[in-house]
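Accompanying notes for the structure given below.
The values are calculated or read from the model by the stated rules, or taken from the named source; none is laboratory data. Quick caveat: nothing in here was measured; it's all calculated off a predicted structure. Reconstructed Cβ throughout: ideal geometry from the backbone, glycine too, with neighbour counts over all protein chains shown.
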């Protein structure tokens, strides 16, 4: 279930319960007490129910601001991400948030601040991957040789307890 959808379904269910209670002739104060909601909410629901019946109590289909990228635009962004950064004109195949922001704008025309692009990436199923930071001078063969010859001898010794 999408973010917020479960919560919206619960709210809708509560409003429909209120409609059933209104039909039975329950007072607004009683409905508020039974459903554990404010009297103001019940009063608003009652007015909506009087004007349009139970269907008017359906409420919103989603929470929050509507997404800026439409379905077809998201598909184009996903395709561009999978093609790689080099295919989009970058020197390396590393996607950074500023690069993704520029790519989204060039592919869809929708501007995102680089600091908010991670939300789009997360919605597309991508996660943050940081490359391991290693020294350029690192010699893997020498490290393997040292591990084979010294073994566990390099292991840090535990300090003895008591006075030093």
Report summary line: the stretch 15-86: helices (runs of 4 or more DSSP H) wholly inside it with 2 or more residues that are within 20 Å of residue 118 (Cβ to Cβ) and in contact with a helix residue (DSSP H, G or I) (Cβ under 6 Å, 6 or more places away or on another chain) are 71-83
**Report entry** Verdict on residue 69 being buried (at least 17 other Cβ atoms within 10 Å of the Cβ) and modelled with pLDDT of 90 or more
**Finding:** yes
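Just give me the residues in the stretch 2-14 being part of a helix (DSSP H, G or I) and closer than 30 Å to residue 124 by Cβ, in sequence order.
Matches in the stretch 2-14: 5, 6, 7, 8, 9, 10, 11, 12.
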Requested in this report: Mind listing whichever residues of the stretch 96-119 are free of Cβ contacts under 8 Å to residues at least 12 places away in the same chain, in a helix (DSSP H, G or I) and over 16 Å from the mean Cα position of the chain (by Cα)?
Outcome: 102, 105
Requested in this report: Name the single residue, out of those in the stretch 22-36 being touching a residue at least 12 places away in the same chain (Cβ under 8 Å) and within 17 Å of residue 58 (Cβ to Cβ), that is surrounded by the fewest Cβ atoms within 10 Å (Cβ to Cβ).
Outcome: 35
